[in-house]
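Notes for the one structure printed next.
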Amino acid sequence: MKISKKSDYALRVLMTLVECYGLEPISIRELAARNAVPKRFLEHIMLDLKSQGWVTSLPGKSGGYTLSCPPEEINMGQVVRYFDGLLAPINCVSLNQYEKCSQEAVCRFRRVFLDVRNETARLMDSTNLAAVFRGEPVRSQEVFDEPLMGGAGI
């Protein structure tokens, strides 16, 4: 599974809003700068986040954006599904973007992709933004763990 830039940027900005939850609104200019997101692109993302009821915008000189609900009420699965549409690695195991495959009746590896879809959905749907924010950033050594390095396409 690979998420889009929109999902990536939306999650970055949401993490900033979680960090500042209950404080003053944050301007779109500051959100863009803090998260290395092009401001024009972020404007569209913020409209989407607002339409979903996840953020509120406040006009004026000291206005900006805030979370419109507690971070415990938004989970990663909701955000990624909204922007990307699916969590399934292949379409023949997707609920929303299912595409029939000529090999379904005999395919053995489809089971693995179904398990990947189910585990990904379970993890992302059970992980709210507050829990993500409490977590630690990933260290380089975790990404480049020796036992995994043999899988050249990770």
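The values are calculated or read from the model by the stated rules, or taken from the named source; none is laboratory data. Please read these numbers as outputs of a predicted model, since none were measured by experiment. Cβ sites come from the backbone with ideal geometry, for glycine too, and all protein chains shown count toward neighbours.
Results, tabulated for the structure shown:
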| item | result |
| --- | --- |
| Which listed residue is among the aliphatic types (A, V, I, L, M) and modelled with pLDDT under 95, from Leu86, Leu67, Leu47 | Leu86 |
| Hey, Ser102 closer than 26 Å to Ala33 by Cβ, at pLDDT below 95, out of contact with any strand residue (DSSP E or B) (no Cβ under 6 Å at 6 or more places or on another chain) and part of a loop (DSSP other than H, G, I, E, B) or not | no |
| Residue match in the stretch 65-79 (condition: touching a Pro at 6+ places or on another chain (Cβ under 8 Å) and either of a type in the set (Ser, Thr, Tyr) or assigned to a loop (DSSP other than H, G, I, E, B) (or both)) | yes |
| Residue in the stretch 135-154 that is assigned to a helix (DSSP H, G or I) and surrounded by 13 or more Cβ atoms within 10 Å (Cβ to Cβ) present | no |
| Within the stretch 40-54, considering residues that are assigned to a loop (DSSP other than H, G, I, E, B) and under 15 Å from the mean Cα position of the chain (by Cα), the one surrounded by the most Cβ atoms within 10 Å (Cβ to Cβ) | Trp54 |
| Number of positions in the stretch 9-39 that are over 16 Å from the mean Cα position of the chain (by Cα), surrounded by 16 or more Cβ atoms within 10 Å (Cβ to Cβ) and of a type in the set (A, V, I, L, M, F, W, C) | 5 |
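Let's see how each residue does on (1) touching a Ser or Thr at 6+ places or on another chain (Cβ under 7 Å); (2) not assigned by TED's automatic domain parsing to the domain that holds Tyr9:
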position	(1), (2)
Ser51	no, no
Thr56	yes, no
Val80	yes, yes
Gly85	no, yes
Ser94	no, yes
Cys101	no, yes
Cys107	no, yes
Leu114	no, yes
Asn128	no, yes
